[in-house]
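The values are calculated or read from the model by the stated rules, or taken from the named source; none is laboratory data. It should be emphasised that the depicted structure is a prediction, and the values quoted were computed from it without experimental measurement. With ideal geometry, Cβ positions are generated from the backbone for all residues, glycine too; neighbour counts draw on all protein chains shown. Just the protein is used for accessible areas: all its heavy atoms, side chains included, with ligands, DNA and RNA removed. Shrake-Rupley method; radii C 1.70, N 1.55, O 1.52, S 1.80 Å.
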Amino acid sequence: MVQEEGSSSVSSSPLQMLSLMSLSPGSLGSPYWLRDMKSEERGLCLIHLLVACANHVASGNMENANIGLEYISHLASPDGDTMQRIAAYFTEALADRMLKNWPGLHKALNSTRITSVADEVLVHKLFFEFCPFLKLSYVITNQAILEAMEGEKVVHIIDLNCFEPAQWISLIRALSARPEGPPHLRITGIHHQKEVLDQMALRLNEEAEKLDIAFQFCPVISRLENLDVEWLRVKTGEAVAISSALQLHSLMAVDDEMIRRNSPSLSKSPNAGNLQRALHMNPRTLSDFLEKEVINSPDSASSSPMCLSTSPKMASFLNALWGLSPKLMVVTEQESNHNGGTLMERMMEALNYYAALFDCLESTVPIASIERQKIEKMLYGQEIKNIIACEGVERKERHEKLEKWIPRLELAGFGRVPLSYHVMLQARRLLQSYNYDGYKVKEENGCFIICWQDQPLFSVSAWRFRRF
């Protein structure tokens, strides 16, 4: 029972009461009553509060945004249920974005933060081990390479993010079993940490020697944005295959503000009216709003300031790869639009996307697992922070859907290679062998979409050099 002076009483749940209020000073009273919510009510309340808080951050209303963060802090928890965990990382991201209004304060709070190379490598290995996405990407990539390189005697594979030996050990074994015999194999691995490449070289050389395959591993220590393709030393007569797993999107990082000044119409969000309506909706319909109204809006992808010609780094890099005349290039990317021009677009897309990632992780890993907490905090949490808190060249996690990658790669001179039915069988066999219930691989225009239930999460597409 809630009674305000001069108004009638309302018999309602805490969530229904929340829907009648706005995030403004004094409107919600003490936040402690939020703790009595049931799990379902709490989850919907968190969505409502996160969207409202993000809207205040986007409009520059720091006072109301701060109130929102206070209320969310009483519900969110990095070791609670799925929605509580998601909310904890989105709250951290929104707070980080707010702090950037005071650069001195933001720098002081982050000045002693140390990024451990070992931790960075560990979390990517945990993601590979506990989630099926990279395993699927590697199986699909390897099978596509085997089919494309049939009969080739000299094969050169270029791995744009070389950190997991299991992928190439599996390929070496498959190549050694070819009826016509194995090719001379050269793998060029690119990574910014020498220790990672040293370990790769050790493992792959051991496997090649054991199977008596002519093999050479060539390490290139570099971040992708600094890579000069001349360092890859592609030789005449080599059949080249390129593997890019969750890498290319980072090359779209540019000065967004400069692009907006040059194209003022891009700064207007097509969903602004819808978002305002969302904040006054019955919270029980808010999750439907997230899924149907905004997430699947055809305008959300097209409103991105990153049109196909506005990222010089991406254009020059794809042109350089095209110049290598690859017989095959397999590209795996996140299947979501986190490159929208406004905070609210990215917020709504990211909420939907990471809710699915957290949900499928919960189905695979126990809730109290240290490994799960590390994946959520050090991988998903950092991605969320980059999407929400960063702008301009600092915003690297510029994920885009396959529908944007197809014209971008075609414009760069690549032709699509339809992934075969046998590749699909290999992917589905992997899911069955690991008992990954709830995961699906769907075919779409010759490409594969990896889903959790019916939510697309990653795309895998294959390409080849095409003469203009």
Residues ALA389, ALA412: which one is hydrophobic (A, V, I, L, M, F, W, C) and open to solvent by less than 10 Å² (accessible area, probe 1.4 Å)? ALA389
From the option list TYR421, TYR380, TYR434, single residue qualifying as open to solvent by 10 Å² or more (accessible area, probe 1.4 Å) and in contact (Cβ under 8 Å) with a residue 24 or more places away in the chain is TYR434
Wholly within the stretch 265-369, helices (runs of 4 or more DSSP H) carrying at least 1 residues that are at pLDDT 50 or above and within 19 Å of the chain's Cα centre (by Cα): 312-322, 343-364
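Conditions (1) modelled with pLDDT under 60; (2) over 24 Å from GLU345 (Cα atoms), marked per residue:
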site: SER8; (1), (2): yes, yes
site: SER39; (1), (2): no, yes
site: ASN61; (1), (2): no, no
site: ILE67; (1), (2): no, no
site: ILE86; (1), (2): no, no
May I ask you to verify whether SER39 is among the polar types (S, T, N, Q) and either over 24 Å from the mean Cα position of the chain (by Cα) or open to solvent by 70 Å² or more (accessible area, probe 1.4 Å) (or both)? yes
Given the condition open to solvent by 10 Å² or more (accessible area, probe 1.4 Å) and among the small types (Gly, Ala, Ser), answer yes or no: does some residue in the stretch 326-340 qualify? no
Check whether at least one residue in the stretch 421-433 is within 13 Å of LEU136 (Cβ to Cβ), of a type in the set (Val, Ile, Thr) and in a helix (DSSP H, G or I), and report yes or no. yes
In this structure, does LEU160 turn out to be open to solvent by 20 Å² or more (accessible area, probe 1.4 Å) and either of a type outside the set (Gly, Ala, Ser) or touching a Cys at 6+ places or on another chain (Cβ under 9 Å) (or both)? no
Test for SER73: is it over 23 Å from the mean Cα position of the chain (by Cα) and among the polar types (S, T, N, Q): yes
All conditions in (1) under 18 Å from ASN337 (Cβ atoms); (2) open to solvent by 50 Å² or more (accessible area, probe 1.4 Å) are true of GLU400 except (2)
